[in-house]
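The structure appears below as structure tokens.
The values are calculated or read from the model by the stated rules, or taken from the named source; none is laboratory data. Computed from a predicted model, the values in this text were never measured in an experiment. Every residue, glycine among them, receives a Cβ derived from its backbone with ideal geometry; neighbour counts consider all protein chains shown. Heavy atoms of the whole protein, side chains included, go into the accessibility calculation; ligands, DNA and RNA do not. Shrake-Rupley method; radii C 1.70, N 1.55, O 1.52, S 1.80 Å.
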Amino acid sequence: MSTGMILILVLFFIFLFAGFPVMYALGLPAVFWLAYSGVNSTMVATNMLGYLNSFTLLCLPGFMLVGRLMDTCGITDRLFTFCTALLGRFRGGMAYANAVTSAMFPSMSGSAIADAGGLGVVEMNMMKRAGYDPGFAAGITAASSIIGPIIPPSAAMVMVGTLGNISVAKMFVAGVLPGICICGMLCLNVWFRAHFSEDGKKWPSTVVPGRVIWKSFLRAVPSLFTFVIIMGSIIAGICTSTEAAVLAVWYALFLGICYKKVTVKNLWKTLKATATGCGPLFIIMTSASVFTWILTFEGLSTMVNRLIGAYIGVLDTRLIVGLCVVIFLILGCFIDTSSGVLICAPVMMPIMRSFGVDMVYFGVLMVFGLMIGIITPPFGICLFVVAGVAKLPVSVVTKEAIRYLPAMVVLCILFTLFPEIVTFLPNLVFGA
């Protein structure tokens, strides 16, 4: 291992664990390396600009804008109201609604942490008003944030597809079945607690008349149609993922006008919030591109390929994938999903390709592993975000969120051992 490689890796971990923002943890080591190596900085600038010059990557701000518009237009409230009307008759019905709404309103912001602070606020406030314990409401909200970046359209999936040179459409389709499994496991956990725990037996239920359910459904249908527009146009081959994002933006604007929610003031606020969210994300992406370029320049890929070359055909591929998942779980404790993808994908995907691992399958596992990490104590970053939003001690949120971790770990093991769970739908839709 060269001196330059040791320098950049050591500095990266020092900055990361010292609590520096990810863009600095990636960018500052690169600056020190440039000063040390004397490499022409023009090469680095060309790499950064070339990385951003991607048509596929354009869909990222598009999906982020769709998510913001849906929130501005009150679509989030309509979805949660419908789920509550449908599931409220059961004990703990709003907890089910929390998980299902997170699946219906996927993570178009690119960050589960942002979603926990956005959609999560709506869910927690409604649950507390209905009489649920604030700690329980915060715990299920933190746990359900896992679903968002798995269910399409997901910005995390867009980044994985772009970095790994994988079809974004395949990534989207591959996330559907795992997302449903995660939602189902959360609901199963809530059901067990509602029927077999002392606290659960005290949870309220709300019986809603059939006409109210039907009315709330009709109000939610236009919102749900956003998913049909995005996935239907991509799967049918009518649009690319970028074009589908543009269509979804126009559709969200149309809904906002119909609901009389769009004004010049809140539209400007939405655009500003989207730009504010996109800016740091793209800076992190360029920092990550420089970081991985330096590692490649220093010969990391060659070194790793030589190291694993002797083990191809000897080690079980599932063992290698399992070790990667452990890394994702640990890394997810310290940084959000998008940043984790940007760090892991360029380094790990070429290695997994040499082992013959399906890249679509590995990409979904990467996102899921990082997602579990953000609610894993003691450092799970989403626990601190939800605690801040809910104005509760972190220990209270952690105590509730940890109840869902065993189910998530079981799912992670199942996905690792049985890749078909992830690859079944994309193979069915696009062919093996």
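Of the numbered criteria (1) over 30 Å from Asp71 (Cα atoms); (2) at pLDDT 80 or above, the one Gly332 fails is (1). Taking Lys201 as the residue in question, decide whether it is more than 30 Å from Val409 (Cβ to Cβ) and open to solvent by 30 Å² or more (accessible area, probe 1.4 Å). Spelling it out, it is not the case that Lys201 is more than 30 Å from Val409 (Cβ to Cβ) and open to solvent by 30 Å² or more (accessible area, probe 1.4 Å).
Taken together, Ala103, Ala85, Ala99, Ala25 contain a single residue that is more than 30 Å from Cys344 (Cα to Cα) and part of a helix (DSSP H, G or I), which is Ala85. Cβ separations smaller than 7 Å between residues 6+ apart or across chains give the following pairs from region 257-272 residues that are in a helix (DSSP H, G or I) to residues that are of a type outside the set (Phe, Trp, Tyr): Asn266/Thr72; Thr270/Arg68; Thr270/Leu69; Thr270/Thr72.
To keep it simple, each residue is scored yes or no on (1) over 24 Å from Leu281 (Cβ atoms); (2) of a type in the set (Asp, Glu); (3) within 19 Å of the chain's Cα centre (by Cα).
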residue	(1), (2), (3)
Ile14	no, no, no
Ala18	no, no, no
Ala25	no, no, no
Pro29	no, no, no
Ala45	no, no, no
Pro61	no, no, yes
Asn98	yes, no, yes
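What helices (runs of 4 or more DSSP H) completely inside region 110-225 contain at least 1 residues that are among the aliphatic types (A, V, I, L, M) and more than 15 Å from Tyr404 (Cβ to Cβ)?
Working: elements: 112-129, 134-144, 155-164, 168-196.
Of the helices (runs of 4 or more DSSP H) lying wholly inside region 110-225, those with at least 1 residues that are among the aliphatic types (A, V, I, L, M) and more than 15 Å from Tyr404 (Cβ to Cβ) span 112-129, 155-164, 168-196.
Filtering region 101-122 for residues that are at pLDDT 80 or above, crowded, with 24+ Cβ neighbours inside 10 Å and touching a Pro at 6+ places or on another chain (Cβ under 9 Å) leaves an empty set. Going by the conditions given, is Gly92 touching a Gly at 6+ places or on another chain (Cβ under 9 Å) and modelled with pLDDT under 80? No: the conditions fail for Gly92. Scanning region 380-406 for residues that are under 18 Å from the mean Cα position of the chain (by Cα) and touching a residue at least 12 places away in the same chain (Cβ under 8 Å) gives Gly380, Ile381, Cys382, Leu383, Val385, Val386, Ala401, Tyr404, Leu405. Scanning region 13-30 for residues that are crowded, with 16+ Cβ neighbours inside 10 Å, more than 17 Å from Ser338 (Cβ to Cβ) and not small (Gly, Ala, Ser) gives Phe15, Leu28, Pro29. Filtering Thr296, Thr263 for residues that are open to solvent by 80 Å² or more (accessible area, probe 1.4 Å) and either at pLDDT below 75 or among the polar types (S, T, N, Q) (or both) leaves a single hit, Thr296.
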